[in-house]
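Asks: Sharing a structure below in structure tokens format, with a few things to ask.
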Amino acid sequence: MRFQLSGDQAALRAGVRELLARRFDGEALRAAVDASGLDRELWRELGAAGFFALRVPEADGGVGLGLPEAVLVFEEAGRVLLPGPLVATHLAAGAVDGAAEGEVVVAGVDRGGLVEWLDEADVVRGDAAGAVALRSVDPLTPLHRVPGALPRAVDPVAVLLTAAEQLGTATRAGELAVQHARTREQFGQPIGAFQAVKHLCAQMLVRAETARAAVYAAAVTADPVDIAAARLLADEAAERGARDCLQVHGGMGFTWECEVQLLVKRAWVRARRGGGGAESEELLAVDLLA
């Protein structure tokens with residue numbers, strides 16, 4: 001299967017990357033950590049750019065594109081650690097008034113009863129009654145849990161878009177590790193010259209590219225089994241990639257000022273969204289036994 005992007009897809013990815021570089025760079029990421037609440041102005045700008053209405057038919061006022069294009073957009077969002085209930089609002093576009101335009105923030109109760117950004121949501125899909133605030137390891141993903149929530153069916157599109165975000169984070173981890181390995185010197189030479197560091201960077205690249213092939217393929221087939229496999233590979237690429245990036249950075253990677261620790265935390269939190277881990281493994285196991 002060929003994954004060469006079309007001209008329009010490449011332009012879409014470049015446009016989203018340019019928008020996010022302008023509106024949510026490293027300084028904005030750190031400012032968001034210190035701020036309380038969601039940046040509504042940025043949210044509306046994302047809506048105006050078609051982020052949420054990407055898959056809404058043109059006849060209904062949307063962009064009219066498909067799942068492969070949505071994956072490219074969410075990959076870029078994951079690369080910069082864009083905060084907010086992006087997946088929930090995207091899925092609500094066309095069904096909840098104002099979601100497509102970014103005027104309304106939509107949160108959703110996932111299969112395990114977790115709700116992201118509940119206090120900032122204008123609309124909550126699912127029963128969040130009695131939700132209890134949790135202490136989230138990621139400062140940019142506030143969490144609540146609904147006690148005794150009944151398991152809900154997992155939307156495969158939500159699983160795939162989470163995988164796309166994880167892929168973006170894995171890619172960013174690799175970029176930061178290589179950048180640091182080229183500039184940080186020990187014993188009179190860049191640390192990237194040492195075999196142990198080379199191996200870490202190479203493994204990060206292999207995991208990210210393997211996950212990319214799986215995520216892009218699942219976006220084309222939209223098959224739940226393909227999506228489950230893509231999610232497992234993307235979760236691994238993000239979690240292990242962020243951890244290896246931390247290893248390359250050494251002690252400075254743990255500091256609050258360094259972006260690497262935020263990559264680790266976001267990857268951890270996303271990996272626990274509904275549709276990942278054991279749920280994807282079970283789906284693959286059932287398919288293999290069929």
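Asks: So how many residues does segment 79-123 have that are over 18 Å from the mean Cα position of the chain (by Cα) and basic (Lys, Arg)?
Replies: Final tally of qualifying residues: 0.
Asks: Also, I was wondering about something else. Can ALA278 be described as buried (at least 23 other Cβ atoms within 10 Å of the Cβ) and aliphatic (A, V, I, L, M)? Please lay out each step first, then the result.
Replies: Numbers: buried (at least 23 other Cβ atoms within 10 Å of the Cβ): no; aliphatic (A, V, I, L, M): yes.
Against the criterion (buried (at least 23 other Cβ atoms within 10 Å of the Cβ) and aliphatic (A, V, I, L, M)), ALA278 does not qualify.
Asks: Which pairs do you get when a residue that is under 18 Å from LEU86 (Cβ atoms), found in segment 2-24, comes within reach of a residue that is small (Gly, Ala, Ser) and open to solvent by 60 Å² or more (accessible area, probe 1.4 Å), reach meaning Cβ atoms under 7 angstrom, with the pair 6+ apart or on two chains?
Replies: Listed by first residue and then by second, the contacts come to LEU19/ALA49.
Asks: When segment 113-130 is examined, which residues are found to be out of contact with any Pro (no Cβ under 8 Å at 6 or more places or on another chain) and assigned to a loop (DSSP other than H, G, I, E, B)?
Replies: If the condition is that a residue be out of contact with any Pro (no Cβ under 8 Å at 6 or more places or on another chain) and assigned to a loop (DSSP other than H, G, I, E, B), then ASP122, GLY126, ASP127, ALA128, ALA129 are the ones that fit.
Asks: When the residues of segment 169-192 are filtered to those that are free of Cβ contacts under 8 Å to residues at least 40 places away in the same chain and of a type in the set (Val, Ile, Thr), which remaining residue is least open to solvent (accessible area, probe 1.4 Å)?
Replies: Within segment 169-192, the match that is least open to solvent (accessible area, probe 1.4 Å) is VAL178.
Asks: Right, something else. Would you check which residues across segment 94-113 are surrounded by fewer than 21 Cβ atoms within 10 Å (Cβ to Cβ) and closer than 17 Å to ALA158 by Cβ and list them? Full working, then the answer.
Replies: At the first step, the residues of segment 94-113 found to be surrounded by fewer than 21 Cβ atoms within 10 Å (Cβ to Cβ) are 94-98, 101, 103-104, 111-112.
Hits for segment 94-113 are GLY94, ALA95, VAL96, ARG111, GLY112.
Asks: Picking from GLN261, GLN247, which residue would you name as being open to solvent by 10 Å² or more (accessible area, probe 1.4 Å), in contact with a Phe, Trp or Tyr (Cβ under 9 Å, 6 or more places away or on another chain), modelled with pLDDT of 90 or more and under 30 Å from GLU185 (Cβ atoms)? Give the derivation first.
Replies: Working: GLN247 fails: in contact with a Phe, Trp or Tyr (Cβ under 9 Å, 6 or more places away or on another chain).
Criteria check complete, one pass: GLN261.
Asks: Starting from segment 266-290, keep only residues that are of a type in the set (Phe, Trp, Tyr), then list their pairs with residues that are buried (at least 21 other Cβ atoms within 10 Å of the Cβ) and in a helix (DSSP H, G or I) whose Cβ atoms are within a distance under 7 Å, requiring at least 6 positions of separation or different chains.
Replies: Close Cβ pairs (under 7 Å, with a partner that is buried (at least 21 other Cβ atoms within 10 Å of the Cβ) and in a helix (DSSP H, G or I)) amount to TRP268/GLU239.
Asks: Can I ask one more? Given the residues LEU42, LEU5, LEU19, which is the only one that is surrounded by 12 or more Cβ atoms within 10 Å (Cβ to Cβ), closer than 29 Å to ALA214 by Cβ and at pLDDT 95 or above?
Replies: On the way: LEU42 fails: closer than 29 Å to ALA214 by Cβ; LEU5 fails: at pLDDT 95 or above.
Step by step, each of LEU42, LEU5, LEU19 is checked, and only LEU19 is surrounded by 12 or more Cβ atoms within 10 Å (Cβ to Cβ), closer than 29 Å to ALA214 by Cβ and at pLDDT 95 or above.
Asks: Using the structure shown, decide if ALA208 is among the hydrophobic types (A, V, I, L, M, F, W, C), under 25 Å from ASP138 (Cα atoms) and at pLDDT 95 or above.
Replies: Numbers: among the hydrophobic types (A, V, I, L, M, F, W, C): yes; under 25 Å from ASP138 (Cα atoms): yes; at pLDDT 95 or above: yes.
Taking the combined requirement at face value, the residue satisfies it.
The values are calculated or read from the model by the stated rules, or taken from the named source; none is laboratory data. Just so it is clear, the model here is predicted, and its values are computed rather than measured. Ideal geometry is used to build each Cβ from the backbone, glycine not excepted, and the neighbour counts take in all protein chains shown. These accessible areas exclude ligands, DNA and RNA; they are computed on the full protein's heavy atoms, side chains included. Shrake-Rupley method; radii C 1.70, N 1.55, O 1.52, S 1.80 Å.
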